Amino acid sequence: MLSPLFFDVWNGIVNKDLKNWSWTLLTLLILFAMGAGLWVATKKIDYNWRWNRVPQYFLYHNENVKTVPFDGRVTKIDQAGDTATISVLSEDDDVQTFVVDAETVRVEVNEDLFEGDSLGSTFTWRIGPLLHGLWVTLWLSAAASLFGLIIGLITGLCRISSNITLRQLSIFYIEIIRGTPLLVQIFIFYFFLGTVLDISRIVAGISALAIFAGAYVAEIIRAGIQSIPKGQMEAARSLGMNVPQAMIYIILPQAFKRILPPLAGQFISLIKDSSLVSVIAITDLTKSGREVITSTFATFEIWFIVALLYLLLTSVLSQVIAWVERRLAVSD
Amino acid sequence: MIKTVDLKKTFVGRGQTVHAVDGVTAHVKKGEVVVIIGPSGSGKSTYLRCLNGLETLSSGHIHVDGVDLADRKTDLNKVRREVGMVFQQFNLFPHKTVLENLVLAQMVVRKRSRNEAERKGRELLKKVGIAEKEKEYPIRLSGGQQQRVAIARALAMEPKVMLFDEPTSALDPEMVGEVLEVMKQLAREGMTMVVVTHEMGFAREVADRVLFMDHGKLVEEGTPEHFFTNPQEERAQLFLKQVL
């Protein structure tokens, strides 16, 4: 977010473009003042910022304690680099070896051990709830976008079809979805359709999002198709193509290029709207954030982090779309 | 080749009924070049668009190579591939290169292989004199070049008839000549052509027959000599006085 601003300032300094970079500097100053205001405000309510507690909810080092499954005696400990191999002789004269991290060895050679005594530990990196939530939000939105695009394409084509029933049905669908809140739709999908059709919460969540997005995508696609000059369809038809062929080869490729920006906006909205599925207990980024807060009480920090993670997802998406747009611009 | 019998086309909109084509009976023989002229709004373009089914006719009959377009069982797509059309606004596909514009319909409609379609496409681009532009996108071409590509695109389908809907009206004056030259060449090769145009010079030089339309009706019909020198109808006389 801020990097383009700094980039502007740097460019201004390098190119001695005093006028532009001083304005950018002013922007930075205002942003800084706002940040300082926030800091002062939190000082007043005695909030303890504990940013150091946040990283462990992304990734954490999980300790696996190794214990002896029988009574026995330690015969030898071989150290090799960071790991140690502990050999234990059981009462039945079996020798069993255990590999642990060298620093964590808690026994000595010839020490007598009882069943359940700990020998040492190994560590593995585990994904924390925030990263897991980010992943769930990512694939949930991706799946909903894909289905939303398919639903939107079909509905958009029905919307401009010459068949009256198809047209009326698509208008009916679009009006119902656009006229009701997404939150209510999610509840209906989960509690009503979920019960009647016996679908899981994930399927209910993705369907609600996809059908919601589909209504908006349909209108975008309709507008895109209608923005292509009539002559294109006439030219295609006069070459002997039927309507589906003309759509696939001539109209849709051109329409797609035009609707990419509004479509991108719609999918960015979808990523943000996906936070609402946390109300039906899908552990997405928002719900993960709430769960972390209940165990840390670092309310402010976690919500800021959650917002930042959503921002990360949406800005990556808009960069990708901008790249596709540039690729498609070759024929302009 | 083309027979139209009492062709009528009415548009209904905003409470008004417009008789764009009002009972036109005319025939085009194989290898004939027919030029349709007339004032704006006389229904000549609509008449032309009816000939390949871009407009559905309100009543009457059109037979193209023996197939009745008014018959509901007729597959219009099959008729259209035999009838090439060139538009006033070129209507090239802007997202495809020049060569792709020529290749696409050949592959999709005629089911030709890419190699065959490209060979045919290059041959035609050479014929209309823009072989070197095959990799360009239409937007980078001048109007005249675009229209020549559009003619080549229609020819790639190997149509039996070519329809031209004011092919030079959207062009800058200095580019009109190059497009007319291509059309004259086509006429010399014996292509059956129906041309709606305001180019009286072209009509005089190339046409086998001239049709004069006004208010949706076929007012006068005859050879160019007859039409330009000795028109019978008052409206035709008036029109010629204004344009010549």
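Taking 0.36 nm per residue of separation and subtracting the current Cα-Cα distance, fully stretching the chain between A:Ile127 and A:Asp101 would add 7.3 nm. Rounded, prolate or oblate, given the Cα gyration tensor of the stretch A:228-299, with a/c below 1.5 counting as rounded? Since a/c reaches 1.5 and a/b is larger than b/c, the shape of the stretch A:228-299 is classed as prolate. Compared with the dominant principal axis of the Cα atoms in chain A, helix A:18-44 is inclined by about 50°. By a 1.4 Å probe calculation restricted to protein chains, A:Thr155 has an accessible surface near 10 Å², given to the nearest 10. Please work out whether the stretch A:129-329 counts as rounded, prolate or oblate from its C-alpha gyration tensor, where a ≥ b ≥ c are the square roots of the eigenvalues and a/c under 1.5 means rounded, while otherwise a/b larger than b/c means prolate and anything else oblate? Since a/c reaches 1.5 but b/c is at least a/b, the shape of the stretch A:129-329 is classed as oblate.
Once the other residues with Cβ under 13 Å from the Cβ of B:Ala117 are scored (Lys, Arg +1; Asp, Glu -1), what is the net sum? Residues near B:Ala117 contribute +3 overall. Cross-link pairs exceeding 19 Å in C-alpha to C-alpha distance, out of B:Lys3/B:Lys30; B:Lys96/B:Lys135; B:Lys126/B:Lys160; B:Lys44/B:Lys160; B:Lys30/B:Lys217; B:Lys8/B:Lys241, comprise B:Lys126/B:Lys160; B:Lys44/B:Lys160; B:Lys30/B:Lys217; B:Lys8/B:Lys241. The equivalent ellipsoid that matches the C-alpha gyration tensor of the stretch A:183-255 spans semi-axes of 39, 13, 8 angstrom, in descending order. Each label was represented as a point 7 Å from its Cα along the Cα-to-Cβ direction; for A:Phe32 and B:Arg110 these points are 7.0 nm apart.
Per atom type, the stretch A:239-332 shows carbon and sulfur on 69% of its accessible surface, probed at 1.4 Å.
Mean separation of Cα pairs under 8 Å and 6 or more residues apart, divided by the residue count, gives the stretch A:74-124 a relative contact order of 34 percent.
Over chain B, all Cα pairs binned in 5 Å intervals from 0 give whole-percent P(r) values of 1, 6, 14, 17, 18, 17, 13, 8, 4, 1, 0, 0, listed from short to long. For the protein assembly as shown, just say rounded, prolate or oblate: build the C-alpha gyration tensor, square-root its eigenvalues into a ≥ b ≥ c, call rounded for a/c under 1.5, and beyond that prolate if a/b exceeds b/c, oblate if not. Prolate is the answer for the protein assembly as shown, as a/c is 1.5 or above and a/b outweighs b/c. Can you give the angle from 0 to 90° between the axis of helix A:252-273 and the longest principal axis of chain A, with both taken from C-alpha atoms, to the nearest 10? Once rounded, the angle reads 40 degrees. The magnitude of the dipole of chain B, with charges of +1 and -1 set on the Cβ of Lys/Arg and Asp/Glu and taken from the Cα centre, is near 980 debye. For the stretch A:27-79, the set of trypsin sites (Lys or Arg not before Pro) satisfying both a DSSP loop assignment and a count of at most 14 other C-beta atoms within 10 Å is given as A:Arg50. When the Cα positions of A:Thr85, A:Val243, B:Ser169 are compared along the charge dipole of the protein assembly as shown, B:Ser169 comes out farthest toward the positive end, with charges on each C-beta of Lys, Arg, Asp and Glu.
Counting, for every residue in B:153-162, the Cβ atoms of other protein chains within 10 Å of its Cβ and taking the mean gives 1.
Please report the relative contact order for chain A, taking Cα pairs under 8 Å with a sequence separation of at least 6, and give it as a percent rounded to a whole number. Answer for chain A is 16 percent. For chain B, the relative contact order works out to 27 percent when only alpha carbon pairs closer than 8 Å and six or more residues apart are counted. The accessible-area loss of the stretch A:227-261 on complex formation, taken against its chain alone with a 1.4 Å probe, reaches 30 Å² or more at A:Gln232, A:Glu234, A:Ala235, A:Arg237, A:Ser238, A:Leu239, A:Gly240, A:Met241, A:Gln245, A:Tyr249, A:Ile250, A:Gln254. Label sites at A:Phe70 and A:Gln168, each approximated as a point 7 angstrom past Cα along Cα to Cβ, lie 8.1 nm apart. Within the accessible surface of the stretch A:74-124, defined with a 1.4 Å probe on protein heavy atoms only, the carbon and sulfur portion equals 42 percent. A full extension of the chain between A:Ser161 and A:Asp46 corresponds to an added length of 35.2 nm, given 0.36 nm per residue minus the alpha carbon distance. Backbone geometry of the stretch B:30-41 corresponds, through the Karplus equation with coefficients 6.51, -1.76 and 1.60 at θ = phi - 60°, to 3J(HN,Hα) couplings of 5, x, 8, 10, 10, 10, 9, 10, x, x, 4, x Hz, x marking Gly and Pro.
Excluding ligands, DNA and RNA, the accessible surface per residue across the stretch A:74-124 is 62 Å² with a 1.4 Å probe.
Going from the isolated chain to the complete set of protein chains, the stretch B:91-127 loses at least 20 Å² of heavy-atom accessible area (1.4 Å probe) at B:Asn91, B:Phe93, B:Pro94, B:His95, B:Leu104, B:Ala105, B:Val108, B:Val109. About the centre of its Cα atoms, the protein assembly as shown shows a dipole size close to 2560 debye [charges on the beta carbon of Lys, Arg (+1) and Asp, Glu (-1) only; nearest 20 debye]. Axis of helix A:129-159 versus longest Cα principal axis of chain A: the two differ by about 20°, to the nearest ten degrees. The charge dipole of the stretch A:114-271, taken about the Cα centre with unit charges on the Cβ atoms of Lys, Arg (+1) and Asp, Glu (-1), comes to about 800 debye, rounded to the nearest 20.
To the nearest 0.05, what FRET efficiency results for A:Trp303 and B:Gln237 with a Förster distance of 60 Å applied to their C-beta separation?
According to the calculation, E is roughly 0.10.
In this rough spin-label picture, where each label sits 7 Å from Cα along the Cβ direction, the B:Glu136-A:Asp82 distance is 6.4 nm. Compactness of the stretch A:74-124 is given as radius of gyration and Dmax, 10.6, 32 Å, from Cα positions. Solvent-accessible surface of the stretch B:155-244, averaged per residue with a 1.4 angstrom probe and all protein chains in place: 46 square angstrom.
Counting only protein heavy atoms and using a 1.4 Å probe, what share of the accessible area of the stretch B:88-166 belongs to carbon plus sulfur, as a whole percent?
45
Qualifying chymotrypsin sites (Phe, Trp or Tyr not before Pro) in the stretch A:90-198, where qualification requires a DSSP coil assignment and no more than 11 other C-beta atoms within 10 Å, comprise A:Phe114.
Each Lys or Arg adds one and each Asp or Glu takes one away; over the other residues whose Cβ falls under 15 Å from the Cβ of B:Glu181, this sums to 0. Rounded to whole Å, the principal axis extents of the Cα atoms in the stretch B:46-149 read 46, 30, 23, largest first.
The values are calculated or read from the model by the stated rules, or taken from the named source; none is laboratory data. The model shown is predicted, which means the values in this text are computed figures rather than measured ones. Note that we place each Cβ from the backbone using ideal geometry, even for glycine, and neighbour counts take in every protein chain shown. These area figures cover heavy atoms from the full protein model, side chains too; ligands, DNA and RNA do not enter into them. Shrake-Rupley method; radii C 1.70, N 1.55, O 1.52, S 1.80 Å.
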